[in-house]
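The values are calculated or read from the model by the stated rules, or taken from the named source; none is laboratory data. Keep in mind it's a predicted model, so treat the numbers as computed, not measured. No Cβ is skipped: glycine too gets one built from the backbone with ideal geometry, and neighbour counts run over all protein chains shown. Ligands, DNA and RNA are stripped out before the accessible areas are found, and what is left, the full protein with its side chains, is counted by its heavy atoms. Shrake-Rupley method; radii C 1.70, N 1.55, O 1.52, S 1.80 Å.
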Amino acid sequence: MFKKLFPIITAIILIFAFSPIAEAAPTFIKHAYNKNTNVYYYSIKGSKYKTVNHKMKLVAKEINKYDIILKQAAKDEHSEYVYYNKLRPTIKYQKGNRISILTKEIWWAGGSMQYICRSYNLENGKQINLKQAFKSTSAYKKANLQIAKKIDKIFNDERFDKNGVDPFTGKTALQLVDAFYWSEKGLYVVYSSGTVGPSAAGHESFKVSNSYAKYYK
């Protein structure tokens, strides 16, 4: 009897020992750099996020420096306004081993407000570039044409040629992208203010067709 049960018990133990265990969701911590509430950034718990955590903190350090300079400039000019350089991060996507954090730098010293966008898109703890978010090189090229047409339509312009290239810069619509992120709906590309539209319009974001992007539910 025990001889018959032993292989069964061994098999059950092996199943539990080698079955994949769902990885715990990463923990995000929001920080105000040097207690400056104009400048926020995220860190993610875990050694595999060390590189991206360092990058996010370095950006926050730089924004903090310019925020101090702008505040002092306003005082020197006896301005009735407070100039600033803010950093605002948002977790756009967190599912399984994929993470998207979009950060918006907001810069103002009179005149139009400027938005500079950056993103940190991770898969298994490693940051990926925009091309890696597409199904293939062919899909990337098709998406470029799609985004170029969207931009031209919104701004009533003919900025891009038939190949989706901007003749003034020699760059494609997707090469001009400042940031991108995943969402529950799919992949979005983001342009900082003044990149594809007027500065006063702020940053612009466009959704890529799910038939081109690696879309994660």
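Here are a few things to note about the model shown:
- Failed condition for Ile151, given (1) in contact with a helix residue (DSSP H, G or I) (Cβ under 8 Å, 6 or more places away or on another chain); (2) among the hydrophobic types (A, V, I, L, M, F, W, C); (3) over 25 Å from His54 (Cβ atoms): (1)
- Residue that is least open to solvent (accessible area, probe 1.4 Å) [pool: residues in segment 152-170 that are modelled with pLDDT under 95 and in contact with a strand residue (DSSP E or B) (Cβ under 7 Å, 6 or more places away or on another chain)]: Phe160
- Put simply, of Lys50, Lys35 the only residue that is basic (Lys, Arg) and at positive phi is Lys35.
- A count restricted to segment 115-125 and to residues that are surrounded by 18 or more Cβ atoms within 10 Å (Cβ to Cβ) and not aliphatic (A, V, I, L, M) stands at 6.
- Enumeration of residues in segment 100-123 that are free of Cβ contacts under 8 Å to residues at least 60 places away in the same chain and either aromatic (Phe, Trp, Tyr) or not in a strand (DSSP E or B) (or both): Trp107, Trp108, Ala109, Gly110, Gly111
- Hits in segment 55-97 - residues which are hydroxyl-bearing (Ser, Thr, Tyr) and open to solvent by 20 Å² or more (accessible area, probe 1.4 Å): Tyr66, Ser79, Tyr81, Tyr83, Tyr84, Thr90
- Those residues of segment 125-137 which are of a type outside the set (D, E, K, R), in contact (Cβ under 8 Å) with a residue 40 or more places away in the chain and outside any helix (DSSP H, G or I), in sequence order: Gly125, Gln127, Phe134
- Breaking point among (1) open to solvent by 60 Å² or more (accessible area, probe 1.4 Å); (2) within 22 Å of Val59 (Cβ to Cβ), for Ile128: (1)
- Top-ranked residue of segment 143-168 - restricted to ones that are assigned to a loop (DSSP other than H, G, I, E, B) and among the hydrophobic types (A, V, I, L, M, F, W, C), ranked as farthest from His203 (Cα to Cα): Phe168
- Qualifying positions in segment 171-193 - open to solvent by less than 40 Å² (accessible area, probe 1.4 Å) and in a loop (DSSP other than H, G, I, E, B): Ala173, Leu174, Leu176, Val177, Ser192, Ser193
- All conditions in (1) open to solvent by 30 Å² or more (accessible area, probe 1.4 Å); (2) touching a strand residue (DSSP E or B) at 6+ places or on another chain (Cβ under 6 Å); (3) outside any helix (DSSP H, G or I) hold for Tyr140, with the sole exception of (3).
- Whenever a residue of segment 18-44 is within 26 Å of Lys71 (Cα to Cα) and open to solvent by less than 40 Å² (accessible area, probe 1.4 Å), its partners that are part of a loop (DSSP other than H, G, I, E, B) and modelled with pLDDT of 95 or more, lying with C-beta atoms within less than 9 angstrom and at least six residues away or across chains, give the pairs Ala32/Asn38.
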